[in-house]
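Data first, discussion second: the structure below is written as structure tokens.
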Amino acid sequence: MPRQCYAALARSLYFSPLNQPPDGKRMKQDNILVIGANGQIGSVLTAALREVYGTYRVLATDIRPPLQESGPFEILDACQGEALDQLVHRQSITQIYHLAAILSASGEQDPLRAWNVNMTSLLNVLEIARQRHVAKVYFPSSIAVFGREARPVNTPQYEVLIPETVYGISKVAGENWANYYYRKYGLDVRSLRYPGIIGYQSMPGGGTTDYAVEIYHYAVQKRPYTCFLRADTALPMLYMPDAIRATLELMEAPANRLSVRIGYNLAGMTFTPAEIAHSIRQYLPDFSITYRPDYRQAIADSWPSSIDDSLARRDWGWRPQYDLDAMTKDMLLHLEQHYHLHGTTTEDR
Ligand code: NAD
Ligand code: AKB
């Protein structure tokens, strides 16, 4: 049987609230929809959710097909409200993880398109979740909500928000819409202000913090790296396993423990390009880096260098586990295995 037919058959057999998941484990009985599942975070979060809920209870969707299918997948443009509504209804969806967005650097290439995609998709998700009685919605926000007026060091949760990218504006508006749906309709929407996310499993898509992923790929391939930010640009960052755990922990937390219904500030570590290069050189002493700042420097300069996440720590027990050197060790280990096995170049990924 062709692969696609098998996937469709498996989906029709198992992706129903009436069926037990086939994994043989005792899984939670939710039907989860991930939107933007093929992105940097979505691909890793989908796998993590499948570990918790069972493969066939987590439906991955995106506007582009996955590189590798590892469970139920459908093409879905979240800006198409009717298609989203039908899917939520047909699959009896109980939780939505809405990850689709145009990120900071890509957004500045076409600001109106970024606004349209980010806002139309979010408003579709919120409204359909309300109408279809979806139990929980996750919507990631970003440190991009802050602008130059915000205190740049240990930036507090409740700080002045004057973002300088259309992406940041859409996240501020999105947080307020999430809070509005929570207060007016009781929709259980939860959100984190992710810092730059770094992982070995996937490549980033059009952000200002992308350099911190690319640099490891160049390093393990013994290639010199040209960084698009200045050597001393300090930004808040978080390693992917911590980001995924934070997301799952927030979504599992009892609703009455959550005092923040905009995006929770979330912190992991802070470093500059020079510091990450230094960390890499502990393992790869010949690694070389040069700096050629471009338009992304202004975006980075408008963001904080560190974040106060004390409310996340207090409300649902958030604690990051990785610092820069622990992350570097793990990244290099996994990427060395990857390039040893697959031999692909940075451009192929
Ligand atoms: P990404 O760009 O890697 O992935 C986004 C995915 O959404 C892509 O696979 C894309 O094809 C898909 N998509 C775009 N438009 C769509 C549409 N109309 N309908 C359905 N899918 C669509 O982004 P990411 O880095 O995985 O980020 C996921 C979320 O986390 C975003 O909301 C982003 O703002 C937020 N976030 C990410 C970071 C980070 O460092 N990666 C930091 C802060 C916040
Ligand atoms: C970006 O750089 O746009 C993202 C983010 C911090 O939101 N990584």
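The values are calculated or read from the model by the stated rules, or taken from the named source; none is laboratory data. Please read these numbers as outputs of a predicted model, since none were measured by experiment. For accessibility, only protein heavy atoms count, side chains too; no ligands or nucleic acids. Shrake-Rupley method; radii C 1.70, N 1.55, O 1.52, S 1.80 Å.
Need the full-extension length gain, Gln297 to Asp110, defined as separation in residues times 0.36 nm minus the C-alpha distance. One decimal, nm. Let's see the in-between values first.
Details: separation 187, 0.36 × 187 = 67.32 nm, distance 1.78 nm.
This chain segment gains 65.5 nm when fully extended.
From zero up to wherever the largest Cα-Cα distance of region 116-166 sits, split into 5 Å bins and tell me the percent of pairs in each.
The distribution over region 116-166 is 4, 16, 21, 15, 14, 15, 10, 4, 0, given as percents.
Around Ile262, which amide H atoms from residues at least 5 apart in sequence, or from another chain, sit under 5 Å from its own amide H, with H modelled in the peptide plane?
Sorted by chain and number, the residues that satisfy this come to none at all.
Of all the C-alpha pairs in region 226-338, what % are more than 22 Å from each other?
Roughly 45 percent, once rounded to a whole number.
Sequence-distant or interchain residues sharing an amide H contact under 5 Å with Leu229, placed H: which?
Arg292
At 1.4 Å probe size, with the rest of the protein present, what percent of the exposed accessible area of the chain is carbon and sulfur atoms?
Numbers: 8080 of 15480 Å².
Its accessible area is 52 percent carbon and sulfur atoms.
Express as a percent, rounded to the nearest 5, the fraction of DSSP beta bridges in the chain (both residues included) that run antiparallel. Don't skip to the answer; put the middle values down first.
Values: 3 of 30 bridges.
If we restrict to bridges inside the chain, about 10 percent are antiparallel.
May I ask you to evaluate 6.51 cos²θ - 1.76 cosθ + 1.60, the Karplus curve with θ = phi - 60°, for each residue of region 141-156 and list the ³J(HN,Hα) values in order in whole Hz, giving x for glycine and proline?
After applying 6.51 cos²θ - 1.76 cosθ + 1.60, I find 9, 7, 4, 5, 5, 8, x, 5, 6, 6, 4, x, 10, 6, 4, x Hz.
With the Cα gyration tensor of the chain giving a ≥ b ≥ c as the square roots of its eigenvalues, does the rule (a/c under 1.5 for rounded; else a/b larger than b/c for prolate; else oblate) give rounded, prolate or oblate?
oblate
Report ³J(HN,Hα) in whole Hz for each residue of region 101-108, in order, from the Karplus equation J = 6.51 cos²θ - 1.76 cosθ + 1.60 where θ = phi - 60°; Gly and Pro get x.
6, 9, 7, 4, 6, 4, x, 6
Collect residues whose amide H, placed 1.01 Å from N in the peptide plane, falls under 5 Å from the amide H of Ile307; neighbours closer than 5 in sequence don't count.
Asn154, Thr155
Would you mind telling me which residue in Gln68, Gln131, Gln95 has the biggest mean-square fluctuation in a Gaussian network model of the chain, where springs connect alpha carbons within a distance under 10 angstrom?
Answer for the Gaussian network model of the chain: Gln68.
Within the chain, which whole H helices from DSSP have a Cα span along their axis of at least 24 Å and a mean Kyte-Doolittle hydropathy of 0.0 or more, if any?
Values: long enough: 111-131 (30 Å, 0.15); 166-185 (27 Å, -0.76); 324-342 (26 Å, -0.43).
Helices passing the filter in the chain: 111-131.
Check cross-link reach from Lys136 to the aspartates and glutamates: straight Cα distance under 14 Å, and skip same-chain residues fewer than eight apart.
Answer for Lys136, where 14 Å is the Cα cut-off: Asp30, Glu127, Asp188, Glu249, Glu252, listed by chain and number.
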